[in-house]
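Visitor: What follows is a single structure, and I will ask about it in a moment.
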Amino acid sequence: MRTVYVNGEYLPENEAKVSIFDRGFLMADGVYEVTSVLDGKLIDFDGHAARLERSLGELEMASPVTRDELLAIHRELVSRNGIDQGLIYLQITRGAPADRDFAFPDPDETPSSIVLFTQNKPDLAGNPVARKGIRIISIEDVRWGRRDIKTVQLLYPSMGKMMARKAGVDDAWMVQDGYVTEGTSNNAYIVKDGKIITRERSNDILHGITRAAVLRFAAEAQMQVEERNFTVAEAQAADEAFITSASTFVMPVVEIDGTQVGDGTPGPVAARLREIYLEESRKVAL
Ligand code: PMP
């Protein structure tokens, strides 16, 4: 049985509880982060901690922990659960006031709730799916206008994953005004004539921590990067496509809406970026 962290305590997972009045439960009034673990160490921890702070700030939500406390909790959970490869899920909500009310509670009376748990994924880095790539469909992006804040309001991304499953594929890219925004839980890229193309950062997409690292490594490896919008048709006609996220790292996309991308197998740019990302982020893991 896992040991999880809830509001200051390490507990067996079946003893950890939050209130029915918790605003995360009632109103999706919470933010989260997912950090990967390789060789028992945290990948891109500082990026995730910084984005968490930004998400909290945008929602005027108090953080119950400092960056150093957060790091210590992550490490303690990795150690207690013996995680070599896996994920750590972290959620902070606006706490549990005494009743349900749309107005935010006074943070002095209602402290934020914090929950962390680990997910063991022995195949995270060696994921065999990366060798054959994933197939996706495109769907309309009907999410709210602040996708840069990493909230726990994940109903539409869940519906998107189900639409993909019903279509017999792996995932979905969301499209707004004719342009791809991002994947249901990842950032989206295409490669054309050696150039890596991905939508620029704005409130329309989550500013992926993996995205930032991959674009930095790409620039360091003298690869060309262009941050601009692209359509599904352009993606279908690209040489390669791929996604990035903390749980998939760099994952090739080989089919979009039934059309093969390139020759329908993972391309060299995605494979190289996956390799560089894993190698470089392992070196600086905490
Ligand atoms: N976009 C969305 C909508 C996501 O949910 C995620 C992952 N949570 C990402 C992008 C990728 O972000 P990261 O690289 O920080 O995992």
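Visitor: If you check Gln236 against the conditions, is it assigned by TED's automatic domain parsing to the domain that holds Val269, crowded, with 17+ Cβ neighbours inside 10 Å and either closer than 17 Å to Asp257 by Cα or not hydroxyl-bearing (Ser, Thr, Tyr) (or both)? If you could, list the steps in order and put the result at the bottom.
Guide: Numbers: assigned by TED's automatic domain parsing to the domain that holds Val269: yes; crowded, with 17+ Cβ neighbours inside 10 Å: yes; either closer than 17 Å to Asp257 by Cα or not hydroxyl-bearing (Ser, Thr, Tyr) (or both): yes.
Answer is yes for this residue.
Visitor: Pairs, please: C-beta under 7 Å, at least 6 apart or cross-chain, first residue not assigned by TED's automatic domain parsing to the domain that holds Tyr277 and in the stretch 33-48, second in a helix (DSSP H, G or I) and more than 13 Å from the ligand (Cβ to nearest atom)?
Guide: Correct list of pairs: Thr35/His74; Val37/Val78; Leu38/Arg282; Asp39/Arg282; Gly40/Val78; Leu42/His74; Phe45/Leu71; Phe45/His74.
Visitor: So, one more: I want to confirm something. Restricting to the stretch 172-183 and keeping residues that are touching a Ser or Thr at 6+ places or on another chain (Cβ under 7 Å) and open to solvent by 10 Å² or more (accessible area, probe 1.4 Å), which single residue is farthest from the ligand (Cβ to nearest atom)?
Guide: Filtering first and then ranking leaves Gly178.
Visitor: Same structure again: Sort out which residues of the stretch 184-209 are within 7 Å of the ligand (Cβ to nearest atom), of a type outside the set (A, V, I, L, M) and assigned to a loop (DSSP other than H, G, I, E, B), and write them in order of number. Explain how you work it out, then say what you get.
Guide: Residues of the stretch 184-209 that are within 7 Å of the ligand (Cβ to nearest atom), as a first pass: 184-187, 205-206, 208-209.
Narrowing the set further to residues that are of a type outside the set (A, V, I, L, M) leaves 184-187, 208.
Correct list: Thr184, Ser185, Gly208.
Visitor: What about Ala212, is it among the small types (Gly, Ala, Ser), within 11 Å of the ligand (Cβ to nearest atom), open to solvent by 10 Å² or more (accessible area, probe 1.4 Å) and not in a loop (DSSP other than H, G, I, E, B)? Even if it seems obvious, please write down each step before you answer.
Guide: Working: among the small types (Gly, Ala, Ser): yes; within 11 Å of the ligand (Cβ to nearest atom): yes; open to solvent by 10 Å² or more (accessible area, probe 1.4 Å): yes; not in a loop (DSSP other than H, G, I, E, B): yes.
Yes.
Visitor: Still on this structure, I have one more. Give me the residue from the stretch 192-209 that is open to solvent by less than 20 Å² (accessible area, probe 1.4 Å) and β-branched (Val, Ile, Thr) and, out of that set, farthest from Gln236 (Cα to Cα).
Guide: Ranking the candidates gives Ile205 first.
Visitor: Scan Ala96, Ala49, Ala103 and give me the residue that is modelled with pLDDT of 95 or more and either within 18 Å of Val18 (Cβ to Cβ) or polar (S, T, N, Q) (or both).
Guide: Sole residue among the options that is modelled with pLDDT of 95 or more and either within 18 Å of Val18 (Cβ to Cβ) or polar (S, T, N, Q) (or both): Ala96.
Visitor: Ok, one more. If you check Arg274 against the conditions, is it closer than 30 Å to Ala72 by Cα and either out of contact with any Asp or Glu (no Cβ under 9 Å at 6 or more places or on another chain) or assigned to a loop (DSSP other than H, G, I, E, B) (or both)?
Guide: Details: closer than 30 Å to Ala72 by Cα: yes; either out of contact with any Asp or Glu (no Cβ under 9 Å at 6 or more places or on another chain) or assigned to a loop (DSSP other than H, G, I, E, B) (or both): yes.
When the stated conditions are applied, Arg274 passes them.
Visitor: Looking at the stretch 37-70 only, could you name the residues that are within 16 Å of Ile149 (Cβ to Cβ), out of contact with any Leu (no Cβ under 7 Å at 6 or more places or on another chain), open to solvent by 20 Å² or more (accessible area, probe 1.4 Å) and outside any helix (DSSP H, G or I)?
Guide: If the condition is that a residue be within 16 Å of Ile149 (Cβ to Cβ), out of contact with any Leu (no Cβ under 7 Å at 6 or more places or on another chain), open to solvent by 20 Å² or more (accessible area, probe 1.4 Å) and outside any helix (DSSP H, G or I), then Leu59, Glu60, Ala62 are the ones that fit.
The values are calculated or read from the model by the stated rules, or taken from the named source; none is laboratory data. Worth saying up front: this structure is predicted, and the values here are computed from it rather than measured. Cβ atoms come from the backbone with ideal geometry, glycine included; neighbour counts cover every protein chain shown. The area values use the complete protein model at the heavy-atom level, side chains included, leaving out ligands, DNA and RNA. Shrake-Rupley method; radii C 1.70, N 1.55, O 1.52, S 1.80 Å.
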